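A.B. asks: Dumping the structure here so I can ask a few things about it.
The values are calculated or read from the model by the stated rules, or taken from the named source; none is laboratory data. Worth saying up front: this structure is predicted, and the values here are computed from it rather than measured. No Cβ is skipped: glycine too gets one built from the backbone with ideal geometry, and neighbour counts run over all protein chains shown.
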Amino acid sequence: MKNSIAAVAVLFSLLGGAAQAQINASAAMPAPAAKTAAAASTDPIVVMRAEQRAARTEFNNTVRPIRAERAATIKAAQDKAGAEAKAAGKDPLVARRNARAEATAATKADFDAKMKAASETRSAAMAAAAAKRAAAAK
C-alpha cells in the first residue's frame, strides 16, 4: 500500500514537471511573430480577416467608454432609488429594478446615437475589407 502511494506521488510529480516544461516552452515563443506573419500574408482571405479583426477591435475600443458611461449612470440611479426606498421603508430591490428600467429608457436615445456612429464606421470598414478581398479574388 505504501509503495503504491509513493509510486502515484512520483508519477504525479513527473507529470506535473512535464506539464510545467510545456507551459514554459509555450510562454517562451514570441506571440508577435504570428501577428507579423498574418499581416505580411498576401492571401486575400487572411488580409481581409486581419482588416476585419482590426475593425472589430477599433469598434470595441470606441464603444467601451460609451457603455461604461451608461452603466455608471444607471448604477447611480439604482443606488439613489435603493437608498431612498430603504429610508422610506419600502423594498429597495423593487426600487432598484424600477430605477434601472427608467434610467435605461432615459439614456437609450443618446446611447443609440453614439453606438450608431461607431457601428457605421465598423460596418464600412468590414465592407471595405470584403470588397478588397472580392477584387483580389478576380
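A.B. asks: Which members of segment 58-85 meet the condition of being polar (S, T, N, Q) and in contact with a helix residue (DSSP H, G or I) (Cβ under 8 Å, 6 or more places away or on another chain)? Walk me through how you get there before you give the answer.
C.D. replies: Residues of segment 58-85 that are polar (S, T, N, Q), as a first pass: 60-62, 73, 78.
T62, T73, Q78, listed by residue number.
Conditions tested, residue by residue: (1) charged (D, E, K, R); (2) over 30 Å from S123 (Cβ atoms); (3) assigned by TED's automatic domain parsing to the domain that holds S123.
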| site | (1), (2), (3) |
| --- | --- |
| A50 | no, no, yes |
| F59 | no, no, yes |
| T62 | no, no, yes |
| E69 | yes, no, yes |
| K80 | yes, yes, yes |
| D91 | yes, yes, yes |
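A.B. asks: Could you please let me know if A87 is more than 27 Å from the chain's Cα centre (by Cα), in a helix (DSSP H, G or I), in the same structural domain as A54 (by TED's automatic domain parsing) and surrounded by fewer than 16 Cβ atoms within 10 Å (Cβ to Cβ)?
C.D. replies: On the way: more than 27 Å from the chain's Cα centre (by Cα): yes; in a helix (DSSP H, G or I): yes; in the same structural domain as A54 (by TED's automatic domain parsing): yes; surrounded by fewer than 16 Cβ atoms within 10 Å (Cβ to Cβ): yes.
Answer is yes for this residue.
A.B. asks: Among the residues of segment 109-138, write down those that are among the charged types (D, E, K, R) and either surrounded by fewer than 16 Cβ atoms within 10 Å (Cβ to Cβ) or in contact with a Gly (Cβ under 8 Å, 6 or more places away or on another chain) (or both). Write out each step before concluding.
C.D. replies: Step one: filter segment 109-138 for residues among the charged types (D, E, K, R), giving 110, 112, 114, 116, 120, 122, 132-133, 138.
Answer for segment 109-138, where residues must be among the charged types (D, E, K, R) and either surrounded by fewer than 16 Cβ atoms within 10 Å (Cβ to Cβ) or in contact with a Gly (Cβ under 8 Å, 6 or more places away or on another chain) (or both): D110, D112, K116, E120, K132, K138.
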